[in-house]
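Here is the structure we will look at.
The values are calculated or read from the model by the stated rules, or taken from the named source; none is laboratory data. None of these values were measured; they are calculated from a predicted model. Here Cβ is always computed from backbone atoms with ideal geometry, including for glycine, and neighbour counts include all displayed protein chains.
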Amino acid sequence: MSSFEASLEYAQSQDQIDILFPFRERFLFPQHNNKDVHYFCGNSLGLQPKMVSYLMQKELEDWGKYGVEGHFNATYPWFSYHHFFAERLAKIVGASKEEVVAMNTLTVNLHLLMLSFYRPQGSRYKIIMEAGAFPSDQYAMETQVKMHGFDPYDAIIEITPREGAYIIEEEDILSAIADAGDSLALVIMGGVNYYTGQLFDIERITAAAHAVGAYAGYDLAHAIGNVPLKLHDWHVDFACWCSYKYLNSGPGGVGGAYVHEKYGDDPYFFRLAGWWGNDEKTRFKMQKGFVPQKGAASWQMSNAPVFNMVAHNASLDIFDKAGMKELQDKSKKLTAYLEFLLRQITNLSFEIITPADPSRRGAQLSMLFNERGREVFDHLTANGVIADWREPNVIRVAPVPMYNTYEDVYMLYEILRNI
Ligand SMILES: *Cc1c(COP(=O)(O)O)cnc(C)c1O
């Protein structure tokens, strides 16, 4: 990537040859001085696809026009609503369509899946997770182990970065798993750490967990729609995600879950049940005795929150048209370009704590400031850049391949170097 150039002309030339450039047109951008902002927050809340308002209107019309009959007669019949997502989600996470389902929200799904996959037996009750995981995940683990009568300080093993480092050595995760051995019930990791942007080696961690007889599950909040995933081939047991970050499905948008077919197809594998997880042929017979349908969809409890899912429908369509391979190719190059430019900056004191190896990160760079971080962040905001501030001293920027341009990346650099 040494052919990069730190100039606006170069950045614009790259936009002209970018096959994904037209996809930007499908999104609404917040405005600053009557111009689109430079939006680097797609890892926190993705932008709104323009199609959402049309599809939302359509859903409202169908409700008005059909009432209850909309379950079968609506443009996207509500009875089957969750089915419309499975194929497109499956492509994004690398699974079969029976292994995925759009339902609930992320932390709720994490708890539901823990009820199936964290069932301590005798001395096998420990959980390994990354230190500095997203707070919701920490709280979920803490209360799950308490529910089973364990002390979180004993039951949860956190893997920390080495002295003076910010990212976690893969080797340390693998050796902690081996050391925990028979006491280990579950390894649960973020696919991509929200703070540092570190992408974990899901395949190796999963294999290490299985080697000691533990399950491996992942919170893919920052991984889905961002990095390559092959959950089925990597033998991942379960995973969950939200859809409002890279997947652009709106604030509080519907989450999702993956369950490997080994468990999804086993009617005796434990899951908490509701009517929507029941076999669809007998769902409306209202009989006693839960009969799980096949796959991850059997973890569903309630009927689909249709209005919440409209944006998901619009967004997944765009992902399908753009293609994950194309998005990831652009992502690698765009993030590398940002890294190249940030390394030229001499007037500010910061370090990039995200891994430098492109295969160990997605579309995010975290800049750790030794001083004046908050001032720099406020300066960016005042100059039409939306980035993300994380206490105590990190600015996260995500050049997302779906709608960010090389020009956006160049302008960010230009604003920073003129501080
Ligand atoms: C964004 C995020 C969440 C948010 O959880 P919700 O249940 O969707 O509110 C949870 N975990 C991680 C790792 C996240 O990045």
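Remarks
- Which numbered condition E280 misses (of (1) within 16 Å of the ligand (Cβ to nearest atom); (2) modelled with pLDDT under 95; (3) of a type outside the set (S, T, N, Q)): (1)
One line per residue, one yes/no per condition, for (1) hydrophobic (A, V, I, L, M, F, W, C); (2) at pLDDT below 95:
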| site | (1), (2) |
| --- | --- |
| P120 | no, no |
| I128 | yes, no |
| G132 | no, yes |
| A140 | yes, no |
| Y153 | no, no |
| E169 | no, no |
| L174 | yes, no |
| D182 | no, no |
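- Of all residues in the stretch 200-225 being aliphatic (A, V, I, L, M), more than 16 Å from the ligand (Cβ to nearest atom) and assigned to a loop (DSSP other than H, G, I, E, B), the one that is surrounded by the fewest Cβ atoms within 10 Å (Cβ to Cβ): V212
- Residues being touching a helix residue (DSSP H, G or I) at 6+ places or on another chain (Cβ under 9 Å) and either loosely packed, with under 15 Cβ neighbours inside 10 Å or assigned to a loop (DSSP other than H, G, I, E, B) (or both) - total across the stretch 292-321: 11
- Taking each residue of the stretch 323-342 that is assigned by TED's automatic domain parsing to the domain that holds M411 and looking for partners that are among the acidic types (D, E) with beta-carbon atoms closer than 8 Å, six or more apart or interchain, yields K330/D18.
- Entry remark, the stretch 121-172: residues being in a loop (DSSP other than H, G, I, E, B) and among the hydroxyl-bearing types (S, T, Y) number 4 in total.
- Single residue of G190, G197 found to be within 16 Å of the ligand (Cβ to nearest atom), within 14 Å of the chain's Cα centre (by Cα), farther than 23 Å from L115 by Cβ and of a type outside the set (D, E): G197
- Per the listing T143, T160, the residue uniquely in contact (Cβ under 8 Å) with a residue 12 or more places away in the chain, surrounded by fewer than 17 Cβ atoms within 10 Å (Cβ to Cβ) and within 24 Å of the chain's Cα centre (by Cα) is T160.
- For N104, the requirement of being within 15 Å of the ligand (Cβ to nearest atom) and either at positive phi or among the β-branched types (V, I, T) (or both) is met.
- Strands (runs of 3 or more DSSP E) wholly inside the stretch 334-419 that include at least 2 residues being of a type outside the set (D, E, K, R) and touching a strand residue (DSSP E or B) at 6+ places or on another chain (Cβ under 9 Å): 350-352, 365-369, 394-397
- Residue list for the stretch 253-272, restricted to those being in a loop (DSSP other than H, G, I, E, B) and either in contact with a Cys (Cβ under 9 Å, 6 or more places away or on another chain) or modelled with pLDDT under 95 (or both): G253, V254, G255
- Extreme residue, surrounded by the fewest Cβ atoms within 10 Å (Cβ to Cβ), among residues of the stretch 107-136 that are away from the ligand (no atom under 11 Å from the Cβ) and of a type in the set (V, I, T): I128
- Within the option set V52, V68, being farther than 17 Å from G225 by Cα, crowded, with 17+ Cβ neighbours inside 10 Å and either under 29 Å from the mean Cα position of the chain (by Cα) or without any contact (Cβ under 8 Å) to a residue 12 or more places away in the chain (or both) holds for one residue only, V52.
- Residue-level analysis places Y76 among those that are closer than 18 Å to M309 by Cβ, in a loop (DSSP other than H, G, I, E, B) and assigned by TED's automatic domain parsing to the domain that holds A314.
- The one condition from (1) assigned to a loop (DSSP other than H, G, I, E, B); (2) touching a residue at least 60 places away in the same chain (Cβ under 8 Å); (3) closer than 30 Å to P292 by Cβ that Y194 does not meet is (3).
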